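**Q** A single structure is presented below for examination.
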Amino acid sequence: MLVVLTGGARSGKSRAAVEIATNTAMPVVFVATAEPLDDDMVSRIELHRAERPSNWETIEATRDLPSAMSSVDCNVTVVIDCLTLWIATLISDDPLKPTDAVIDETATLISDDPLKLADAITDEVGLLLEQLKARDGVTVVVTNEVGSGVVPATALGRAYRDLLGLVNQTLVTAADMAYLVVAGRLLLLRQAASALTLRANMPSTGG
């Protein structure tokens, strides 16, 4: 069963994911996508680590997330936190991303189809989604809504915003249950009939 939690920064997504996973009463594998590239990210990683039970298994998957998922037992509960950083890492590594010269010459990046920026990334997302839907256990995916604020100043930033927005749409459409998390409150976006049992065990922050 696939559960998607999306929302802004510090909205309570990770805390809700921990509570959902705990309520399944199954062994939990936490799949972390963040890289400790600076002091701020190190602090954020430590904060999230302190929020989750110490007996959970943790897998670091900053790039090859589908490969990491293939090693996880299909019956355990999985938390992937978060898809936002995984996409950011892939797009920063992507050889198809624009050069500085291209950014200087154009106000927008492939404005009619941002997915042309990185077809390989969308292929990776498709592969990951197939794996998640095939699992017997609960999978909780955390992602961010990044298009609700100011328009990014760079073409690459706008392409990332567009790509993540489309990925989030794909995830929510495929999810058995999806929530928008705002100020610690869970607002239901989607619920399939298969998710009725899980709904009863959702966090108390559900509205």
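**Q** Can you list the residues of the stretch 59-75 with backbone N under 19 Å from a point 7 Å past the Cα of ASP123, pointing along Cα to Cβ?
**A** Correct set: 63-70.
**Q** Whole number in Å², please: accessible area per residue of the stretch 140-181, 1.4 Å probe, ligands, DNA and RNA not counted. Mind dumping the intermediate values first?
**A** Values: 1630 Å² over 42 residues.
Here the per-residue accessible area is 39 Å².
**Q** Could you state how much accessible area LEU127 has, in square angstrom rounded to the nearest 10, with a 1.4 Å probe and all protein chains kept in place?
**A** Using a 1.4 Å probe on the heavy atoms, I get roughly 80 Å².
**Q** Measuring with a 1.4 Å probe in the full set of protein chains, what accessible area per residue, in whole Å², belongs to the stretch 1-44?
**A** Solvent-accessible surface per residue comes out at 45 Å².
**Q** Distance between Cα centroids, the stretch 126-144 to the stretch 163-197: provide it in whole Å.
**A** Taking the Cα centre of the stretch 163-197 as reference, the centre of the stretch 126-144 is 12 Å away.
**Q** Right, here's the next one. Which FRET efficiency value, to the nearest 0.05, is calculated for ASP136 and ASP40 with the Förster distance at 35 angstrom and r the Cβ-Cβ distance? Before the final figure, lay out each step's value.
**A** Values: r = 38 Å, r/R0 = 1.07.
For ASP136 and ASP40, the calculated efficiency is 0.40.
**Q** With label points built 7 Å along Cα→Cβ from the Cα atoms of GLN169 and ASP64, find their separation and express it in nm.
**A** 3.2 nm
**Q** Please work out the FRET efficiency for the pair SER194 and ASP73, using the Cβ-Cβ distance as r and a Förster radius of 25 Å; give the result to the nearest 0.05. Walk me through the intermediate numbers first.
**A** Numbers: r = 20 Å, r/R0 = 0.81.
That gives a FRET efficiency of 0.80.
The values are calculated or read from the model by the stated rules, or taken from the named source; none is laboratory data. In this text, all values refer to a predicted model and were calculated from it rather than measured experimentally. Glycine gets a Cβ as well: all are built from the backbone with ideal geometry, and neighbour counts include every protein chain shown. In case anyone asks, the SASA skips ligands and DNA or RNA and just uses the protein heavy atoms, side chains included. Shrake-Rupley method; radii C 1.70, N 1.55, O 1.52, S 1.80 Å.
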